[in-house]
Amino acid sequence: PKAVLQISYIGYKTQEIPVANKTKLNITMEEDTEVLDEVVVVGYGAQKKESVVGAISQVSSKELLKSPAANISQAIAGKISGVITSQTSGAPGSDDMKIYIRGRASFAGDNQPLILVDGVEREFSQIAPDDIESISTLKDASATAVYGVRGANGVILITTKRGLVEKPKLSVSTNFAMNSFTNLREPMDAYNWAVQLNNTRKYDGYLTGNYDPVFTPEEIQKFKDNSDPIFYPNTNWVDMLFKKMSLQTQHNINLRGGTERVKYFASLGIFTQGGMYNNTNLVPDYNAQVRYERYNFRTNFDFKVTKRLNVTLNVSDQMEFNHRPDEDTGVILSYAFSHPPTSGPGIVDGKV
């Protein structure tokens, strides 16, 4: 009378049913969309994890959403074994990462893996993370054999979410993040810069026999006590040109459900990322601030037309707005660090 019957199957929630004195049990299994690590997506469908012999790693949507990464290429960094990522820019809209599976395969070409989203080759970094069900990485020859030479650098398979046989389920997610520079060198103030520049001239004079200082002792004193900030300024160009941090937001709303005949998944996502420049609105009707906006829309439908005919329809769209000044971020950074602190930004009508 105290016996408990446990029923489980891959892809379904485990149920524990008290038997008691019952002689007949009617049990309906419920799909478990969160148990993804038991089923691995491979090049020709899906397999049970224990039956996979190739080198395949997988990360689920739950893992991707744990960090407010700007794009998917950043979200998978450090989460998949054998995958190396390299990022050369942190500017909004230009922060995609290079992905290498088990290092570089050769010295020719970009060595990037083949990337398929629902079986279609395309870029994936700017897909909304809420739309992704799982990401599988095929790393060795046995796993990528079905793709031939195209899979020489590895294959990344992205599977987006689909509808389920359940009542409509509305999900809303939002997150906010603050971005800042990883490390900015602290520049010299005007006094120390002037002293060191004179010292440099002095050391050079040992070779030429003459010493021609740039600043007189009186001028150096003015830099030190800031008694004449107009003609002898002390300008921190890094603080003047860059902010300490900027705001990043990500919002998503999706609807999921369906019946035996029609299953659906619809999603709408908005992502915004601000820049780190300061004093960018000095010109009327123009702001030179870097700003990136992304709007994602996706609908996935599965129709069961007959017992032997299923129709799948995937519709997705993505709009991006990337606003930035004419100069590259690296050039502006070099300007900030190479410009001497003894130069002033200029003052017009009492404003810097």
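The values are calculated or read from the model by the stated rules, or taken from the named source; none is laboratory data. Keep in mind that this is a model prediction, so the values were computed, not measured. Here the Cβ positions follow ideal geometry from the backbone for every residue, glycine too, while neighbour counts run over all protein chains shown. Side chains included, ligands, DNA and RNA excluded: accessible areas come from the protein's heavy atoms. Shrake-Rupley method; radii C 1.70, N 1.55, O 1.52, S 1.80 Å.
Look at where the Cα atoms of region 184-228 and of region 262-294 average out, and the two centres are 43 Å apart.
Listed by chain and number, the aspartates and glutamates whose alpha-carbon sits under 14 Å from that of residue 304, ignoring those within fewer than 8 places in the same chain, are 260.
Label-to-label distance for residue 338 and residue 311 is 6.2 nm, based on points extended 7 Å past Cα in the beta-carbon direction. Carbon and sulfur: what percent of region 203-253's accessible surface (1.4 Å probe)? Using a 1.4 Å probe with all protein chains present, region 203-253 comes out at 59 percent carbon and sulfur.
Annotation for residue 67 and residue 79: the two label points, set 7 Å from Cα along the Cα-Cβ direction, are 0.9 nm apart. Here's how it looks for residue 290: its modeled amide H is under 5 Å from those of 275, 276, 277, which are all 5 or more places away or on a different chain. For region 313-326, the Karplus equation 6.51 cos²θ - 1.76 cosθ + 1.60, evaluated at θ = phi - 60°, returns couplings of 10, 10, 10, 9, 8, 8, 10, 10, 10, 10, 10, 7, x, 5 Hz by residue, with Gly and Pro reported as x. Its Cα gyration tensor gives region 240-350 an equivalent ellipsoid; the semi-axes, largest first and in whole Å, are 50, 13, 11. For the pairs 13/307; 98/243; 24/307; 79/139, note any where the Cα-Cα span goes beyond 19 Å. With Cα atoms farther than 19 Å apart: 13/307; 98/243; 24/307.
Extension gain for residue 218 to residue 29 (0.36 nm times residue separation, less C-alpha to C-alpha distance): 59.3 nm.
Dividing the alpha-carbon radius of gyration of the chain by the rule-of-thumb value 2.2 N^0.38 Å gives 1.45.
Subtracting the Cα-Cα distance of residue 204 and residue 121 from 0.36 nm times their residue separation leaves 23.8 nm of extension gain.
Heavy-atom accessible area with a 1.4 Å probe sorts 264, 292, 335, largest first, into 335, 264, 292.
Accessible surface computed residue by residue for the chain, with neighbouring protein chains in place and a 1.4 Å probe, gives 62 Å² per residue.
Here residue 188 sits with roughly 100 square angstrom of accessible surface, probe radius 1.4 Å.
In this simple spin-label model, placing a label point 7 Å from the Cα along the Cα-to-Cβ direction at both residue 9 and residue 331 gives a separation of 6.3 nm.
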